[in-house]
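Notes for the one structure printed next.
The numbers here are math on the coordinates, done by the rules we state, and not lab data. Bear in mind the structure is a predicted one, so any value in this text is a computation, not a measurement. Quick reminder, even Gly has a Cβ in these numbers, built from the backbone with ideal geometry, and neighbours come from all protein chains shown.
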Protein chains: 2
Amino acid sequence: MSKPKYAIGVDFGTESGRAALVDVADGWVLASAVHPYTNGVIDEKLPGTDIRLEPDWALQDPNDYLEVFKRAIPAVLKESGVDPTDVIGIGVDFTACTMLPTKADGTPLCFLPEFRQNPNAWVKLWKHHAAQPEANLLNERARASGFGEILDRYGGKISSEWFFPKAWQILDEAPDVYAAADRLIEGADWVVWQLTGVETRNSCTAGYKAMWSKTDGFPPNAFFKALDPRLEHIVDEKMSRNILPLGAKAGGLTAEAAGWTGLLPGTAVAVANVDAHVAVPAATVTEPGRMVIIMGTSNCHMVLGAQEVTVPGMCGVVQDGIIAGLPGFEAGQSCVGDHFAWFVENCVPAAYEREAEGRKLNVHELLEEKAAKLKPGESGLLALDWWNGNRSVLVDVDLTGMLLGATLLTRPEEIYRALIEATAYGTRMIIETFKASGVPVHEIIATGGLPNRNRLLMQIYADVCGIPIYVAEAEQIGALGSAMHGAVAAGEEAGGYDDITQATKKMARLRKEHYEPNTAHSTVYNLLYSEYATLHDYFGRGANDVMKRLKVLKAEMRK
Amino acid sequence: MSKPKYAIGVDFGTESGRAALVDVADGWVLASAVHPYTNGVIDEKLPGTDIRLEPDWALQDPNDYLEVFKRAIPAVLKESGVDPTDVIGIGVDFTACTMLPTKADGTPLCFLPEFRQNPNAWVKLWKHHAAQPEANLLNERARASGFGEILDRYGGKISSEWFFPKAWQILDEAPDVYAAADRLIEGADWVVWQLTGVETRNSCTAGYKAMWSKTDGFPPNAFFKALDPRLEHIVDEKMSRNILPLGAKAGGLTAEAAGWTGLLPGTAVAVANVDAHVAVPAATVTEPGRMVIIMGTSNCHMVLGAQEVTVPGMCGVVQDGIIAGLPGFEAGQSCVGDHFAWFVENCVPAAYEREAEGRKLNVHELLEEKAAKLKPGESGLLALDWWNGNRSVLVDVDLTGMLLGATLLTRPEEIYRALIEATAYGTRMIIETFKASGVPVHEIIATGGLPNRNRLLMQIYADVCGIPIYVAEAEQIGALGSAMHGAVAAGEEAGGYDDITQATKKMARLRKEHYEPNTAHSTVYNLLYSEYATLHDYFGRGANDVMKRLKVLKAEMRK
């Protein structure tokens, strides 16, 4: 037997970064360590200044990312006792689109004294929403200039969270920063650059966040010119057309990065990835048919297809976007765990809080226990899960939540269950839309926070969708997925793998327990789902735009 | 100046009876006294037996009504110090339809040992719902036999709460009781019979609860035969076709009743009335155009018309039903105060309960305070007020509540305000339906429990309906209205009045403070009301019967 080999995955989240040291042979996590970002999410004022940010801003400090390498990687080496010579590769995954302007050598503009006080020089985090005016203009001008078809690949609209609205905001508000930026780059690619000294761009963020496609590349320069003449050459001047597939090796660790981490110079570093997408192989999926859902505050649905097709209302389809060689499809629901948290905070009576306290449960557990005693259809309630708009398949942030069927005997646990069911109907709507467009889905693999906490929710999803749900074994799914990509970047000769499919077979696993649909429940849920679908279309597809009119009125009245 | 004269009103409610002694000159209440019914609402088992009642039953003991005369009238005489010779008349009002079977001399069958253990021999209270099978059959067979037009006068359907379904239930379940019943009579008329020794029937209960109309009388015998051949002669055999107008004198106090009450034999007793309807003149209304709304757990809307017209979806129109000489229209909303009570019990978080406690408010007051700070439209919420079905104008108990427009920032006080607004839209829908049918409404007079407790609600109703709302001065509005009818029964010569209009001018008053619509708010509410109306029709008039389908499914799943 050869000596065990290890890979390190680094998962950059919203508030912190996590490193995991993983056995390449079986995916076993020997050690993991979290390093919270010193400056966290910067949404009030710029660190070290009195410069206040507008409400929709959300920035980060790129130095915090480097600190993760300097703290968390040494920590897992120390905890595991693994010899750095046995670490064959590193992979990273990141939130996206999280982007920053840098000099040609990779120095972030916000590190330079002349730009330190300019908010547009800092990292724009994925949930920075202040580029909405640019997103609106982009959608308007692109369609007016005959580029509507490009938008249609992304559900008809580009979000303010994506790359080009954020880049355009820099140009609009801080043309000096834009002019000084030799590069505009995803945080994911920037951290890989810092490790390797080599600037690379990955197909996942390029495809899902920057409108790149394997066939057509980025939109043509004429597209950008139509938005703003100053943007015409943005790709050639500040980005790269050389997009690398996932699992490719970006380079080897520089001596400097080796010093930060305690690893050997030259250790293979994989091209960067996105946190959600790297979870797919870590959840055992490298082929079409099995959908991975990351269930947390929101739901992110990913599935591989056999060929690239247009699926109405999805977040995007990217060839090689999740697994090299296959189109990756992504969809989402904006409000899942957040929904239940809202309910517990705003709608649960004191008597329930007291009961939970007396029985040493949290309120969610108490509600789950009570709701689990109900049969499908027994409450008479039906909800539309749009408390935070609808991401897929309607792609409409102006839709709002609805609850129907209440009587004077309606109890809190009935509403709680109706909200869970509503999110399950939303997932089924996504699955049915995929299937109708020729993307099969016959099984769900769940990961994220909810599958570990809420068995009732898992069973309801299985019953509503009528297909089995498995749960990924790994708790640090992002870090595991990144480590798997690190092992692929190292290659088989170094003790890793030649492709992600091989790595997945060895390193990713499901739990034994899973959720089979209960046939009797599914029959009832088929009825309820068809009611949901009717209301979904009535309120969501223009028959009655009351939700949007109320939202306009609400905004006017709050002025 | 002549010596002051007094009248006594006795208001028979669901749990107790109240007497008020009133100055005939100005309506001033000198004394009032409540006597709770010993047997209250009988809905578990028959008093003094182990005989259990089915869930939908609600009975009363007629002896409890007599006890009110024996206790409450002496109490007000004593408290006021008024000489019985100065009491010129008595009036009563009652819940309806509250009916019982008696012998020809008025003895309730439940007083007889042979029927004491038979639930069908007791008083069926207005909220006794166990005659639903008979109500269903009545509606079905009446329409099938060509009597649909008669039903249409009552919104198309006769309720299980009304007289004939209750009478038919006695026949169905206890044919011996039915056979032994020489009379089937409203509790209202029965208590007047006990005071005077004279059996009378009043136009209000006959019209609103027993399908009588001044023009056509009761439905023809063929109608009853079509329901059940045994019912063919029910009116001739067990009721009376001699229906007296409100304010008429039924008779004078018998010596026995004089002994119970401490009043003089021969004191004028008015024909009976219904609690809601007697409130109309007590709220100063004796002419068309001003709608009286009793606002409490539910809303009851009454308005007088210039002529008898058919108004779709109303509870009924009865010539002389409220004020002699005019058609009285009635409508209702099933869920108003109950709605807010449900919300407070089921949907208000512990933090609010703690805040209310700390500030020595009740939760309603806290919610009202917070909700009052919101502007119309500011919450983005809209509700349909059907938590207990819809009484008017859809007449459909199978409709259910809906809330729309919720987001993750929605707060409890916003929902609370949306529920208040929904009941206001429901009232406006009733008013607009009246107006569209030629029954003008240009002002609201509110009475009942809510106007005293919830100023925000009153202002919202004024803003939503766009007309001023006044509040009746009297707190014991039923007892005052009954006393006014007592004064009319006594007549002008005895120191009373010749008609209810004169009595109203002298004895009924409004408070000085009232609620004018805020024009800016009304403009916003006009928009919101039109959204409400669209959803009202979509869910309530057959475009999408999802509420009914969910209710059917709910019933199946609970089996």
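If each DSSP helix of 4+ residues adds -39,500 (n - 2.57) and the sum is divided by the residues in the protein assembly as shown, what number results at 222 nm, nearest 500 deg cm²/dmol?
Calculated mean residue ellipticity at 222 nm is -12000 deg cm²/dmol.
Cα atoms only: what Rg and Dmax, in Å, come out for the range A:169-294?
17.0, 49
Just the ratio, please: alpha-carbon radius of gyration of the range B:261-417 over 2.2 N^0.38 Å, N its number of residues.
1.37
Find the percent of Cα-Cα distances in the protein assembly as shown that exceed 59 Å, and round it to a whole number.
Of all Cα-Cα distances in the protein assembly as shown, 29 percent exceed 59 Å.
Could you let me know the centre-to-centre spacing of the range B:329-371 and the range A:380-400, using Cα atoms, in angstrom?
One Cα centre to the other: 28 Å.
Please compute the Cα-Cα pair-distance distribution of the range B:1-98 with 10 Å bins starting at 0, giving whole percents from short to long.
Reading upward from the zero bin: 15, 40, 25, 13, 6, 1, 0.
Got a sec? Which residues in the range B:227-241 would a label at B:ARG141 touch, if it sits 7 Å along Cα→Cβ and we count backbone N under 16 Å?
Counting backbone N atoms under 16 Å from the label point, the list is B:227-235.
For the pair B:ASN362 and B:GLU114, what calculated FRET efficiency results from E = 1/(1 + (r/R0)^6), where r is the Cβ-Cβ distance and R0 = 56 Å, to the nearest 0.05?
Efficiency, from the Cβ-Cβ distance: 0.65.
For the range A:232-317, what is the convex hull volume of the alpha-carbon atoms per residue, in Å³?
Dividing the Cα hull volume of the range A:232-317 by its residue count gives 196 Å³.
Considering only the other residues whose Cβ falls under 13 Å of the Cβ of A:PRO376, what net charge follows from Lys and Arg at +1 and Asp and Glu at -1?
With Lys, Arg at +1 and Asp, Glu at -1, the neighbours total -1.
I need the GluC sites (Glu not before Pro) found in the range B:474-534, filtered to DSSP loop residues with at most 11 other beta carbons within 10 Å of theirs.
B:GLU513
Checking a compactness column here: for the range A:375-524, what do you get for Rg(Cα) / (2.2 N^0.38 Å), N being the number of residues?
In units of the 2.2 N^0.38 Å rule of thumb, it is 1.29.
Take every DSSP beta bridge with both residues inside chain B and express the antiparallel ones as a percent of the total, to the nearest 5.
Of those bridges, close to 70 percent are antiparallel.
At R0 = 22 Å, how high is the FRET efficiency between A:ASP50 and B:ARG354 if r is their beta carbon distance? Nearest 0.05 is fine.
E between A:ASP50 and B:ARG354, to the nearest 0.05, is 0.05.
For the range A:43-85, what is Rg from Cα atoms divided by 2.2 N^0.38 Å, rounded to two decimals?
Expressed relative to 2.2 N^0.38 Å, the Cα Rg reads 1.82.
At most 16 other Cβ atoms within 10 Å and a DSSP loop assignment: could you name the chymotrypsin sites (Phe, Trp or Tyr not before Pro) in the range A:1-91 that fit?
Answer by residue number: A:TRP28.
I'd like the antiparallel share, as a percent to the nearest 5, of DSSP beta bridges with both residues in the protein assembly as shown.
70 percent
Find, to one decimal place in angstroms, the Kirkwood hydrodynamic radius of the range B:176-249, where the mean of 1/r is taken over every pair of different Cα atoms and then inverted.
13.1 Å
Quick one: order B:ASP43, B:ASP275 by neighbouring beta-carbon count within 10 Å, fewest to most.
If I rank by nearby Cβ atoms, fewest first, I get B:ASP43, B:ASP275.
In whole Å, what three semi-axes, largest first, describe the equivalent ellipsoid of the range A:126-230 built from its Cα gyration tensor (square root of 5 times each eigenvalue)?
Equivalent ellipsoid semi-axes, largest first: 23, 17, 13 Å.
Cross-link list A:LYS373/B:LYS559; B:LYS209/B:LYS548; A:LYS124/A:LYS548; B:LYS157/B:LYS551; A:LYS435/A:LYS548; A:LYS435/A:LYS506: which exceed 23 angstrom alpha carbon to alpha carbon?
As for pairs spanning more than 23 Å Cα to Cα, those are B:LYS209/B:LYS548; A:LYS124/A:LYS548; A:LYS435/A:LYS548; A:LYS435/A:LYS506.
From largest to smallest, what semi-axes in whole angstrom does the range B:206-245 give when each is the square root of 5 times an eigenvalue of its alpha carbon gyration tensor?
18, 11, 8
Taking the range A:418-500, how much of its Cα-Cα pair set, in percent, is spaced more than 19 angstrom apart?
Counting pairs separated by more than 19 Å, the tail of P(r) holds 53 percent.
Give me the mean projected area, in nm² to one decimal, of the convex hull enclosing the Cα positions of the range A:361-449.
The directionally averaged projection comes out at 7.5 nm².
Debye calculation, C-alpha points only, no solvent: report log10 I(q)/I(0) for the range B:124-176 at q = 0.16, 0.26, 0.30, 0.31 Å⁻¹, in the same order as the q values.
Those come out to -0.44, -0.97, -1.13, -1.17, one per q.
Show me, bin by bin at 5 Å from 0, the whole-percent P(r) of the range A:74-147 based on Cα pairs.
Cα pair-distance distribution for the range A:74-147, in percent: 3, 11, 12, 13, 12, 13, 14, 9, 4, 4, 3, 1, 0.
Counting other Cβ atoms within 10 Å of each Cβ, which chymotrypsin sites (Phe, Trp or Tyr not before Pro) in the range B:76-125 have at most 14 and sit in a DSSP loop?
none
If you bin the C-alpha pair distances of chain A every 20 Å from 0, what whole percents do you get?
21, 54, 24, 1
Please compute one quarter of the surface area of the Cα convex hull for the range A:416-466 and express it in square nanometres.
3.5 nm²
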